[in-house]
Amino acid sequence: MEKHLGNLSLNTKNLYKLRQAHWEVWCAKQEFEDGNTVSEAKLVAFLREVSRTGNIKNKRSKLPDGKAKRLGKESLAGYAKAVGALQTVQAAVLGNKNPPARGTLVKNLLSDYDRENAIRRRIEYEDRGTNTINDGYTLDELRLISRYQFNRNTPYHLRNRLDFLLGHAILGRGKTKRMMQLPDLFSTELADEGPSKWHMENESFPEFTARQDWYDIHVLKGLDRTKPITYNTQRDGYMEALNAVGVNSSKITHINRGSALRAIADQDVPDNEQWRIGRWGSDRMVGCYLTSLPKQAMRALAGFYSQKAGAFWLPRSAVDPPQELQRLIFPKIEYWENMFERGAIQKDLAGPNFLVLLKYLRIVFLQDSVVLKQQHPTHFLWSHAIFDNPLYKQYEIDLSSQLIERVLPHLTNILRASLGNISGDIDGIKNTINNLNVSQQAGFANVTEAVNGIFSNPLYLSRTPTNFHKQGMITTAGEVAQDSSDHTFADDSPSLPSSSVPSSSISSSLSSSSPPQYTLNRKFCTVTDVWREYDHGVAGNPSVRSLEDKYKTKWRKNSTESRFFSRRKIIYEEVKRIANDRHISFSDAAQVLEDTRRDLKISIDKLTKKISEQHKEQQ
């Protein structure tokens, strides 16, 4: 069997073995006289049964009533192939003389399977949204996921952010990314394009003396950098981010494959490039010989929706960091480059290529940091000494000035258009007044004078853009700069000081006299999500803390909500207690309590009861 499966991939071999074992168990239960000898009639009966029960052991593939989801057509065909491969071995070794099992009956069963499934799904009211265009995330939601993971302010969320964005960029499977190691990485400069990680954990720089010194280091590493993160860790990171921004999908770690492909299809990327991105094409030319990159698809995935070369361009790449500053990031690059050039260490193609990638990434890191510091000023990354270096501070000033210079022309055009609208409003009001009945003109003389006075007052012009900002007629500098690069996933433009563009706010006189009604989210399953709802608010809603401070109990719409808040309050108070006892931030304290919940393997509700019981015992 091993010899017969020799040309198959490791994943396919493992699947074949599992499915062949399933076949043997099924044959034993049927008590056939010829045992597990493969025949077409037996295979048809096996496929009919396995189509209903094939997912029975997979907890994630069960329906709400506990029944297994039916296998998809491709999975069922995989079972047929695995049993067919077993028959080939039986024919060679055991003398199985039966005709090929994958004959007309099996082909008819598979061809009718989709139609029968469609009828069954209607009868059983299965979710029709599964595998549709809405089963995934949009590009706006991708930006929200990226920002959410960055704002979580931990090395683990930076890793999860890399995982998600990498999956989107390469349409990568979860296992592909988990198994990715440093020597798999390199960079290449794309011709005719415009100017265009390593997080702070005190991890030692790789040793390149011999391949075994660095080849085993994983990109998405676990506690040991030579071990990848587990599937569950990867899945939890995806679930946290998807839930945080409200993305509902039947896929989890596989979500990038469909969502990213739909994104480039919407931009009319040619079919041949869609096949090549993510290595969808299974023919030998795509798999073995076609090594050029699908540039148009890559541009679309990065958020640059132009089919023309040269569209891939970011405003923040306008100023390169000085060499002295660059060498403060990954300072050992030049040393190892010299070692490779002199032949003082093991000759290797992957090593120099990886060092070239790191040299490029340190430029990207410095350019991105200037923008990210303005948008996320409290992130733990900025506590590193590099950001207090005079070289960096000067570079930050230079790049920020350049970005503002590029934004100002756009702001000028927008403000000019907005002021033109104001002038039109003035003329309209004057015409309305002039057309009033003659008998009313005398009464409105004072009104006319007042209107002229208001609109000629400079203070009016300083306040008016607030209303236009609400209507989407005025944007911030960051929004303009983002538009200039046609929406990239890392926010690439600084915001101007608050005095430059008036921000919109709701005045107290316009607010409703009755308090808002808010329902606490019952679906949160982590302490960090519960705390985020309390401290920051979710989905654009005010934080529970602010509701409590401003409205006391009035925001809770009924007694049920009050009782649920009382249970949640136990979590809130425990987070505050941990923060005070350990002298850490509230978000870190929430993470500590979440780690405790995970270690105990209990739900939020059980954690609440456990904390309450501990408090009673202490009293």
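Results, tabulated for the structure shown:
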read-out: Out-of-range pairs (alpha-carbon distance over 31 Å; input 175/295; 29/227; 17/601; 251/616; 557/601); value: 29/227; 17/601; 251/616; 557/601
read-out: Estimated FRET transfer efficiency (residue 378, residue 53; beta-carbon r; R0 35 Å; 0.05); value: 0.10
read-out: Long-range HN-HN contacts of residue 518 with modeled amide H, under 5 Å; value: 557
read-out: Estimated vicinal HN-Hα couplings, Hz - segment 238-253 in sequence order (Karplus 6.51, -1.76, 1.60; Gly, Pro = x); value: 5, 4, 4, 5, 5, 5, 5, 9, x, 8, 9, 8, 7, 9, 10, 5
read-out: Integer Hz, Karplus 6.51/-1.76/1.60 couplings in order for segment 18-31, x for Gly and Pro; value: 4, 6, 5, 5, 4, 4, 5, 5, 4, 4, 5, 5, 6, 6
read-out: Net charge of Cβ neighbours under 13 Å - reference residue 138; Lys, Arg +1; Asp, Glu -1; value: -2
read-out: Where trypsin sites (Lys or Arg not before Pro) fall in DSSP loop in segment 342-391, at most 12 other Cβ within 10 Å; value: 347
read-out: Local electrostatic count at residue 104 - Lys and Arg +1, Asp and Glu -1, tallied over other residues with Cβ under 14 Å; value: 0
read-out: Per-residue HN-Hα couplings for segment 140-148 [Karplus 6.51, -1.76, 1.60; θ = phi - 60°; Hz; x = Gly/Pro]; value: 5, 5, 4, 5, 5, 5, 4, 5, 4
read-out: Prolate/oblate/rounded label for segment 10-123 (Cα gyration tensor, a/c 1.5); value: prolate
read-out: For segment 546-619 versus segment 360-374, the gap between their alpha-carbon centres in whole angstrom; value: 37 Å
read-out: For residue 181, distant residues with modelled amide H under 5 Å away; value: 219
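Bear in mind that the values in this text are calculations on the coordinates, not laboratory data. Quick caveat, the model's predicted, so the values are computed rather than measured. Neighbour counts run over all protein chains shown; Cβ positions are idealised from the backbone, glycine included.
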